[in-house]
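Worksheet: one structure, shown below.
Bear in mind these aren't lab numbers, they're just calculated from the coordinates by the rules spelled out. This is a predicted model, so every value here is computed, not measured. Please note: Cβ atoms are built from the backbone with ideal geometry, for glycine as well, and neighbour counts cover all protein chains shown.
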Number of protein chains: 2
Amino acid sequence: MSLTHLQSFVAVAEEGHVGRAARRLHLTQPPLSRHILALEDELGARLFERTRSGMRLLPAGEAFLLHARRILAEVDAAVHTVRGVTGTRSGG
Amino acid sequence: MSLTHLQSFVAVAEEGHVGRAARRLHLTQPPLSRHILALEDELGARLFERTRSGMRLLPAGEAFLLHARRILAEVDAAVHTVRGVTGTRSGG
DNA sequence: CAGAATTACGTTTCCCGTAATGATA
DNA sequence: TATCATTACGGGAAACGTAATTCTG
């Protein structure tokens, strides 16, 4: 499991489409597809249903999505907290 | 930033010692030291004070530690949630 | 054919561990 | 000298992208 995989998962969940999510992440389809497969393999559960038109979240995927978003938000918060403590600015 | 880096950070923070943390993580000192340096570089802030006897958390590091633990706990919760939804068990 | 995801394959990049180095008392 | 952390360096694994494949209608 990696943060990159989580970002990929969220993007695919929101786009419902590997190709579209890949463009959004500035990636090609194959690695993105592999991220999802690796995640499913690691979790031991299918997260998406593969339909003719794309990817649709399964119940396990919907549950996981909530956590994934929370983790990524926490990461963001962690960065901002450190910047706040040290007074570091983006541009300075 | 990676979950591995966060695990490394927490271990060093708790042990106050790169060598000891490395043993705990079944790793050697150099990669672990690099994890911390990469984290500090990415955050743009020093997280530890290097003392003669080891590593001591700075204020920014203490603030970051709270987030790091939370992120790792969330990851764990995410895994358990998926297992709960799908009924997957650890041993089978 | 058309459109979607996945697998195959080659290259590059990343990361670990051993060894060497720097710093402190 | 002794004990830390860090840097240098070489080899193996991981991950990307292009191209080929599979699946459905």
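How much length is gained on full extension from B:Glu42 to B:His80, taking 0.36 nm per residue of separation minus their Cα-Cα distance? Don't jump to the answer; show the numbers that get you there.
Numbers: separation 38, 0.36 × 38 = 13.68 nm, distance 2.99 nm.
Result: 10.7 nm gained on full extension.
In nm to one decimal, list the spacings between the A:Gly54 label point and its equivalents in the other copies, with label points set 7 Å along Cα to Cβ, shortest first.
The projected label point of A:Gly54 is separated from its counterparts by 5.1 nm.
Hey, what angle do you get for helix B:59-86 against the long axis of chain B, alpha-carbon based, 0 to 90 degrees rounded to 10?
Long axis of B:59-86 versus the principal axis of chain B: about 10 degrees.
For chain B, with a Gaussian network of springs between Cα atoms less than 10 Å apart, report the residue from B:Ala11, B:Ala38, B:Ala78 with the top mean-square fluctuation.
B:Ala78
Give me the compactness ratio for chain B, meaning the Cα radius of gyration over 2.2 N^0.38 Å. Spell out each step's value before the answer.
Numbers: Rg = 15.2 Å, N = 92, 2.2 N^0.38 = 12.3 Å.
Its radius of gyration relative to the 2.2 N^0.38 Å reference: 1.24.
Run the label-point distances for B:His26 please: 7 Å along Cα to Cβ, every other copy, nanometres, shortest first.
Spacings between copies for this position, smallest first, are 3.6 nm.
Can you tell me the relative contact order of chain B? Whole percent, Cα pairs under 8 Å, sequence separation 6 or more. If you can, show how the numbers build up before the last one.
On the way: 74 pairs, mean separation 25.3, N = 92.
In percent, rounded to a whole number, it is 27.
If I model a spin label at B:Glu14 and A:Thr28 as a point 7 Å from the Cα along the Cα→Cβ vector, what separation in nanometres do I get?
4.2
Using the alpha carbons of the protein assembly as shown, what is the convex hull volume per residue in cubic angstrom, as a whole number? Mind dumping the intermediate values first?
Numbers: hull volume 24.4 nm³, N = 184.
Measuring per residue, one finds 133 Å³ for the Cα hull of the protein assembly as shown.
Over all residues in A:16-22, what is the mean tally of Cβ atoms on other chains that come within 10 Å of each residue's Cβ? Please list the in-between numbers first.
Details: counts 0, 0, 0, 0, 0, 0, 0.
Per residue, the average neighbour count from other chains is 0.
Take the alpha carbon atoms of the range A:1-62, find their center, do the same for the range B:15-68, and report the distance between the two centers in whole angstrom.
Computed from Cα coordinates, the inter-centre distance equals 32 Å.
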